[in-house]
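Enquirer: Supplied in structure tokens, the structure appears directly below.
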Amino acid sequence: MTAPAQPSRSAHLIQNDAQAISVARALAQRFAVEAALRDRERRLPRAELDEFSASGLWGITIPKEYGGAGVSYATLVEVIKLISAADPSLGQLPQNHLGVVDILLQTASEEQKRHYFAKVLQGYRFGNAFSEAGSKHVGAFETQIRFDGEQAQIDGEKFYCTGALFAHIVRRWRWTNTTRRTLPLSSATTLASR
């Protein structure tokens with residue numbers, strides 16, 4: 001059970017806060033119809049998730065200078081509230097995606113922002129492979145990457161990976177064999193092989 005390497009369709013480009021809320025209301029009405037049945041039958045919301053990200057709502061926090069709507073936090077909360085009221089499982093899934101978008105906004109180079117924000121606006125979803133079971137604290141990582149020339153070997157096991165199953169791009173945190181710090185975003189983020 002893995003996500004495809006790329007979105008099945010291009011995402012709609014939302015222009016402003018009002019449009020984001022309107023799209024969320026329409027989606028919430030559709031998602032509510034089978035949410036309880038899907039939950040009772042323990043079915044993964046694959047089609048609904050694809051529709052959710054294709055709606056453009058996963059890209060609404062991308063700033064206008066990068067092609068997004070740059071909606072307010074109040075609008076983002078309203079969108080998540082609407083989707084969550086219809087289907088709590090779907091409302092929770094964008095959490096790590098939105099977190100990675102915010103990390104990119106705060107720490108990425110301009111080149112990385114242009115690259116990854118364009119992907120999000122096309123409908124790509126981020127996932128996260130962060131914490132490890134049995135670690136001393138949330139930032140303690142045993143996962144390592146070892147370089148031998150151009151070859152890299154990643155060894156370790158991640159525990160907290162919410163959204164990674166459905167993600168097109170998974171951000172992984174690990175240590176290198178030459179330094180005890182996280183790799184730069186360009187190295188620490190890998191396209192998921194699907």
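Just so it is clear, none of the values below were taken in a lab; they were calculated from the coordinates. Keep in mind it's a predicted model, so treat the numbers as computed, not measured. All Cβ positions, even for glycine, are placed from backbone atoms using ideal geometry, and neighbour counts span all protein chains on display.
Enquirer: Over the range 17-124, what lengths in whole Å, largest first, do the semi-axes of the equivalent ellipsoid take, defined as the square roots of 5 times the eigenvalues of the alpha-carbon gyration tensor?
Expert: On the way: eigenvalues 135, 41, 24 Å².
Working from the Cα gyration tensor, I get semi-axes of 26, 14, 11 Å.
Enquirer: Could you compute the FRET efficiency for A85 and R9, with r as their C-beta to C-beta distance and R0 at 22 Å, rounded to 0.05? Let's see the in-between values first.
Expert: Numbers: r = 26 Å, r/R0 = 1.16.
Efficiency computed from Cβ-Cβ geometry: 0.30.
Enquirer: Here's something else I'd like to know. Using the Cβ atoms and a cut-off under 15 Å, what net charge is assigned to the surroundings of G59, where Lys and Arg are +1 and Asp and Glu are -1? Could the numbers behind the result be given before it?
Expert: Details: positive: R9, K64, K113, R114, K119, R125; negative: D17, D50, E51, E65, D102.
For residues surrounding G59, the net value is +1.
Enquirer: Next question. Give me, ordered by chain and number, the residues 5 or more places off V170 or on other chains with an amide H under 5 Å from its own placed amide H.
Expert: For V170, the qualifying residues are G127, T190, A192.
Enquirer: How would T107, T75 line up from fewest to most surrounding beta-carbon atoms within 10 angstrom?
Expert: Numbers: T107 11, T75 20.
Lowest count first: T107, T75.
Enquirer: Net charge near R125, counting Lys/Arg +1 and Asp/Glu -1 over other residues with Cβ under 10 Å of its Cβ? List each step's numbers first, then the result.
Expert: Details: positive: K119; negative: D50.
So the surrounding residues net to 0.
Enquirer: May I ask you to list the GluC sites (Glu not before Pro) in the range 1-104 that are in a DSSP loop and have at most 10 other Cβ atoms within 10 Å of their Cβ?
Expert: Here the sparse-neighbourhood loop sites are E41.
Enquirer: Still on this structure, please answer the following. Would you mind ranking I62, I21 so that the residue whose beta carbon has the fewest other beta carbons within 10 Å leads the list? Don't skip to the end; give the middle numbers.
Expert: Details: I62 25, I21 19.
Ascending number of Cβ neighbours within 10 Å: I21, I62.
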